[in-house]
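> My questions all concern the structure below.
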Amino acid sequence: METHDFILGLLLILVSARIFAELFSYLRIPPVLGEVFAGILIGPSVLGIVEVNQIIKILAEIGIILLLFEVGLETDLKKLQKEGMKSIIVAVFGALIPFIGGFAISYYIFNLPLIVSLFIGGTLTATSIGITIRVLKDLGKERTSAAQIVVGAAVLDDIIGVVLLVILADFALTGQINLENTLRIIILVAFFFATAPVLASLMSKVIHVYDSKYRKLPGFIPTIIVSLILFFAYVAHLFGAPEIIGAFAAGIALSRRFFLPFGIALKADPHFVEKLETQMKPLIYLFTPIFFVTVGLSMNLREIDFSSPTFWLLTFSLLVIAVIGKIGGAYLLKGVSNIRKLIIGTSMVPRGEVGLIFAELGKTSKVFTNEIYSALVFVVILTTLVPPFVMKYLFKLEEKS
């Protein structure tokens, strides 16, 4: 790619993201949808003037990593620990129900091959943590107990998704499931979660001491914090976990309420954390819109054959499973009001970029026909664009009740 083409593409991404985010905010629509819409508009679906390339993908990945870092930084660990079991229930059942349902409908009703049905079920398990968290932040609800359950569940969902992706990718390539490879990834992810927060917290102490006593030049905090985030994102990748999980772990470790597993508290200086947040926010605001525009850029509405009856029947069936599966997981919670269960379940519905990754893998592996791929992409689009409106309505309903 020529340098000037990349510059023009990035310019269009940043400007269109800002324009439509502001416009959607003015119309009282979650701004994140404005950024996704910007991607759909300038991407292959409508104007076709910007294409997703490797550089844009990397910038988008940095955007979601920084967003997850911010979420980790603002997460109340006491609430997260308190709601931990609820998050596990929502994540596990919210992944299993869509997976089993998607597989059963594809295999037994539409008579699709085994590997195709498994891939369809795998695509429906995903939750886009980036979309969900951004909507919660836009609505000012990121610190509620419902948000803590959703954050924990969405992180676990990502891990379940990675394991499923590895299993299905092996199955698509070799025709059999590699249990050794699957077990290795599960062990590595568990080891990462056990060690990363402790190491990150110790590193944060060193950063704090150096910044308060020895720093001479400006710009130390953004440079070292971004380096720390990228380090843990890379380590997460080495351990077989998504990069964004590493960023989340780094944010948690630097937060006000970080606790070691054995109950020994390492509390950061609130003034240092506030200073860190202030200096990091401009970077976060710059990069995160690139991620959400890229979600829109990755969707191609022109590939969808809207005239096919099979397309609509398959799409509707999978959409019902995709929605009911996530909401059904939330309704298994005890001691939670029905409206809050609905909020939690709806927050888990967006598939976003995660669902697109599954669908794209199925297409490139020649598992999906164009019709099946189109149906899945349409389900991903609907489950990404509609839930933010429903979430906004449900939160207002909860406030009135």
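The values are calculated or read from the model by the stated rules, or taken from the named source; none is laboratory data. Owing to the predicted nature of the structure, the values given are computational and were not obtained by experimental measurement. Ideal geometry is used to build each Cβ from the backbone, glycine not excepted, and the neighbour counts take in all protein chains shown. Side chains are part of the model used for accessible areas, which takes the heavy atoms of the whole protein and leaves out ligands, DNA and RNA. Shrake-Rupley method; radii C 1.70, N 1.55, O 1.52, S 1.80 Å.
> Inside region 7-35, can you point out the residues that are of a type in the set (A, V, I, L, M, F, W, C), at pLDDT 85 or above and farther than 16 Å from Leu59 by Cβ? If you could, list the steps in order and put the result at the bottom.
Restricting attention to region 7-35, the residues satisfying the condition of being of a type in the set (A, V, I, L, M, F, W, C) are 7-8, 10-15, 17, 19-21, 23-24, 27, 29, 32-33.
Now drop any that are not at pLDDT 85 or above, which leaves 7-8, 10-15, 17, 19-21, 23-24, 27.
Result: Ile19, Phe20, Ala21, Leu23, Phe24, Leu27.
> Within region 5-59, track down each residue that is small (Gly, Ala, Ser) and more than 23 Å from Phe395 (Cα to Cα).
Within region 5-59, the first condition is being small (Gly, Ala, Ser), and the residues that meet it are 9, 16-17, 21, 25, 34, 38-39, 43, 45, 48.
Within region 5-59, Gly9, Ser16, Ala17, Ala38, Gly39, Gly43, Ser45, Gly48 meet the criteria.
> Taking region 355-401 on its own, how many of its residues are among the charged types (D, E, K, R), under 18 Å from the mean Cα position of the chain (by Cα) and at pLDDT 80 or above? Even if it seems obvious, please write down each step before you answer.
Taking region 355-401 first, the residues among the charged types (D, E, K, R) are 360, 363, 366, 371, 392, 396, 398-400.
Pick out the ones that are also under 18 Å from the mean Cα position of the chain (by Cα) and you get 360.
Now narrow it down to the ones that are at pLDDT 80 or above: none.
The qualifying residues number 0.
> Can you go through Leu68, Leu77 and tell me which one is aliphatic (A, V, I, L, M), crowded, with 19+ Cβ neighbours inside 10 Å and modelled with pLDDT under 75?
Leu68
> Please determine, by comparing only the residues of region 332-365 that are open to solvent by 20 Å² or more (accessible area, probe 1.4 Å) and touching a Leu at 6+ places or on another chain (Cβ under 8 Å), which one is farthest from Ile131 (Cα to Cα).
Ser365
> Restricting to region 291-314, what's the tally of residues that are surrounded by 22 or more Cβ atoms within 10 Å (Cβ to Cβ) and either of a type in the set (Val, Ile, Thr) or without any contact (Cβ under 8 Å) to a residue 24 or more places away in the chain (or both)?
So in region 291-314, the residues surrounded by 22 or more Cβ atoms within 10 Å (Cβ to Cβ) come out as 291-299, 314.
Going one step further and asking which of them are either of a type in the set (Val, Ile, Thr) or without any contact (Cβ under 8 Å) to a residue 24 or more places away in the chain (or both), we end up with 293-295.
Number satisfying all stated conditions: 3.
> Looking at the structure I just gave you, is Ser106 among the hydroxyl-bearing types (Ser, Thr, Tyr) and more than 13 Å from the chain's Cα centre (by Cα)? So that I can check it myself, show each step before the final result.
Values: among the hydroxyl-bearing types (Ser, Thr, Tyr): yes; more than 13 Å from the chain's Cα centre (by Cα): yes.
So Ser106 passes the test.
> Sticking with this one: Regarding region 338-356, can at least one residue be identified that is farther than 23 Å from Val32 by Cβ and in contact (Cβ under 8 Å) with a residue 40 or more places away in the chain?
No: zero hits.
Condition check ((1) at positive phi; (2) in contact (Cβ under 8 Å) with a residue 12 or more places away in the chain; (3) open to solvent by 10 Å² or more (accessible area, probe 1.4 Å)) across all residues:
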site	(1), (2), (3)
Val367	no, yes, yes
Ile372	no, yes, yes
Ala375	no, yes, no
Glu399	no, no, yes
